[in-house]
1. Just to verify a result, which residue in segment A:382-401, among those that are β-branched (Val, Ile, Thr) and modelled with pLDDT of 95 or more, is surrounded by the most Cβ atoms within 10 Å (Cβ to Cβ)?
2. From the list A:Glu218, A:Glu239, which one is within 30 Å of B:Val89 (Cβ to Cβ), among the acidic types (Asp, Glu) and in contact (Cβ under 8 Å) with a residue 12 or more places away in the chain?
3. Out of curiosity, is B:Gly114 over 29 Å from A:Cys11 (Cα atoms), in the same structural domain as B:Tyr140 (by TED's automatic domain parsing) and surrounded by fewer than 20 Cβ atoms within 10 Å (Cβ to Cβ)?
4. Against the definition (surrounded by fewer than 17 Cβ atoms within 10 Å (Cβ to Cβ) and within 24 Å of A:Val208 (Cβ to Cβ)), how does B:Asp142 come out, yes or no?
5. Among the candidates A:Gly364, A:Gly285, A:Gly358, A:Gly280, which residue alone is within 20 Å of the chain's Cα centre (by Cα), outside the structural domain of A:Gly13 (by TED's automatic domain parsing), surrounded by fewer than 24 Cβ atoms within 10 Å (Cβ to Cβ) and in contact (Cβ under 8 Å) with a residue 12 or more places away in the chain?
6. Determine whether A:Lys496 is under 30 Å from the mean Cα position of the chain (by Cα) and surrounded by fewer than 21 Cβ atoms within 10 Å (Cβ to Cβ).
7. Given A:Arg516, A:Arg581, A:Arg535, which one is modelled with pLDDT of 95 or more and basic (Lys, Arg)?
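The values are calculated or read from the model by the stated rules, or taken from the named source; none is laboratory data. Given the structure is predicted, the values throughout are model-derived calculations rather than measurements. For neighbour counting, all protein chains shown are included, and Cβ atoms are generated from backbone atoms with ideal geometry for every residue, glycine included.
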Amino acid sequence: MPLTTSTILICAGGACISSGETSVKEALQREIKKYGLDEVVRIVETGCMGACSLGPIMVIYPEGVFYQKLTPQAAVKIVQEHLLKGRIVQEHLYKMPTGEVIPEAMDKLPFFAKQVKIATRNVGYIDPGNIEEYIARDGYFALTKALREMTPDQVVEEIKRSGLRGRGGAGFPTGLKWELTRKAKGDRKYVVCNADEGDPGAFMDRSVLEGDPHTVLEAMAIAGYAIGAQQGYIYVRAEYPLAIERLETAIAQAKEYGFLGQNILDSDFSFDIEIRIGAGAFVCGEETALIASIEGKRGQPRVKPPYPAQSGVWGCPTVINNVETFACVPPIIIKGAEWFRSIGTPNSPGTKVFALAGKITNTGLVEVPMGITLRELLYEIGGGSSTGKKIKAVQTGGPSGGCIPAEYFETPVDYESLQKLGAIMGSGGMIVMDEDDCMVDVAKFFLEFTVDESCGKCTPCREGTRQMLKILDKITSGEGTEEDLEELERLGNIIKDTSLCGLGQTAPNPVLSTLRYYRHEYEAHVKEKRCPALRCKALVRYVIDSSKCVGCTACARVCPVNAISGELRKVHSIDNDVCIRCGSCIEVCRFGAISKVSP
Amino acid sequence: MVDREAVAELVRNIKKQALEERDMLINALHQIQNHFGNYIPVEAAKVVAEELEVPESKVYEVLTFYTMFSTKPRGKYIIRVCVNLPCHVTGGRQIVETLKKTLGIDFDQTTKDGLFTLERTSCLGLCGVAPVIMVNDEYYGDLTPKKVKEIIENLRARGDAR
């Protein structure tokens, strides 16, 4: 490889691609070639760097200058100025809210500097399509160490002592899972990676698969050695085509380098991995449903026990872990259980990757030590509200989780503390909501999702969630009664207690948690027929402020149902019986004269 | 007419590659769906049943369980709109309305010219740039009603329907 003067790491995560990374990269390549720099400047497309709201982004080394919100034009300028003349291009640097610009944002910005990266240690730093870059960052060293220096029992023991818990949601101790599968009787055993990430608002697994696929392969091979399996499956959603592509490349490379296949590193251990692609069913993230889907059946869960550790794929003992859990394994093997335990809290050691989404300034992925408070996570790292309005609540754990109101933001984030608040850690999605969001509407939204995704096998989930949704529909359309609230609670608890799998058992959580903290909002809908957040269409009226309206007729012209009348240069009025509350008039009014009210 | 031999050949190829014999059904259906563009004709599904020696009812139950499979022909561009909370709270509702209005169709329908099918999808994992849609294998993020209209216009200009 020729010596290079500069290396450009450009983020090729899904979010940056969607905001135009490809055309930026092409412009860079063209311009670099034009000036004959292609011998000395290297462009590397990495996985997701995490700062999705700033994309497309790139970092130029050795200076470590972080450029954001790139366009092809910006790329041209950066080549001409930065690479040719050594002058930093100011307008694409990160700007603090104070106006100060920070060239080395990766080291100095709180969003990056406060993170501790274990599972995502390579994501954004290496070319995911190149196994040698992974190896250069200690890749496959853990597998080598396990095979050469440790017995399978020692590997299991190390993971057990590390206290690593399942990052997919439930937080089951990983080492214990491995131990149970190791001890289970069976001549064939399997390792399965659950990459069917489906929780709305969670995208850390996607980022690891796209940005560091080898870490998953390495960890699966270590798990295979530990439990005595020769075959692994990665079950990926069909909605993640890029992740599938990068995994396929990685598997082929690992085979070529002898990290997968027969007699790995000249040991007696042989291990292969195949990809299985889902076909659009959220319930397949549940482990028994996922196994059914791997076997080519409808993805429906079954009663546990027996657990997959006893009877999994093809009825054989199987270890199932999710992507982020696997990604923590190689560092634990290399650095040891004590090191891992020194990070996080005693009951939840290590780090957790969170996906910040919704009304928050810095959307994207962050990996932080367990036990960090919600306030630190949402304000110091997340940068607070993106709308200028107060953050009202954060929803954690997707459709299985709950809403946590702002009063509780000093709570440390770990499995137990979140559960006490009626929410769950889940897979780490954090959806931030402000005062414009109606909590009844949010609860209804999640229930629509569950009703849609319920596989239909057990009655409480299939019929119960449907009944709950009907009641919520009634409430948001202004026809709810106080008895409905009690009925919601009663039904919710029954569904929790009697559903077959995790999907049904947690489906009522969004409703129950909002009822617990925002009962007053439900009561406003029911008793006063009022939606405090002005979200529920049936409870909202549109009015024109006669002191602001200048009679420009813009609203009347844009109204799709002709609900607005008035003469030119005279105050207009809205007929609320005709109005469909589409909001077009508010958007088009330049005088701020139209507003929503709820009685 | 479905070319039965071509379908059978596809399935036989998959059989040759697979390590396990029993888990090929979903993989086979994916490949057949790609073969026909973006749907699985019932007759092709019957061939799959014959080749894999499983009852037709089993193929049908799997085929209809997963939302990504369709037994009806779909448009050249399948637009999947994320209808989950992160997209909802950042303006997803207007995106859905704009798509329906611009295309003149509801969910799970196809435009008369055969260009577009509108579908709902669960989270695409691009919440950092919500609201998001996926058109075939491509993602579009940070959407506004205006951007959505432009995307549709570009796609219309790009290709005639089959």
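1. A:Val394
2. Numbers: A:Glu218 fails: within 30 Å of B:Val89 (Cβ to Cβ).
None of the other options fit; the residue is A:Glu239.
3. So B:Gly114 passes the test.
4. No, not satisfied.
5. Answer to the check: A:Gly280.
6. Considered against the rule, which asks whether it is under 30 Å from the mean Cα position of the chain (by Cα) and surrounded by fewer than 21 Cβ atoms within 10 Å (Cβ to Cβ), A:Lys496 comes out as yes.
7. On the way: A:Arg581 fails: modelled with pLDDT of 95 or more; A:Arg535 fails: modelled with pLDDT of 95 or more.
Of A:Arg516, A:Arg581, A:Arg535, the one residue that is modelled with pLDDT of 95 or more and basic (Lys, Arg) is A:Arg516.
Residues are listed down the side, and each one gets a yes or a no for (1) loosely packed, with under 12 Cβ neighbours inside 10 Å; (2) within 14 Å of chain B (Cβ to nearest Cβ):
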site	(1), (2)
A:Val550	no, no
A:Val558	no, yes
A:Ile564	no, no
A:Leu568	yes, no
A:Ile574	no, no
A:Gly583	no, yes
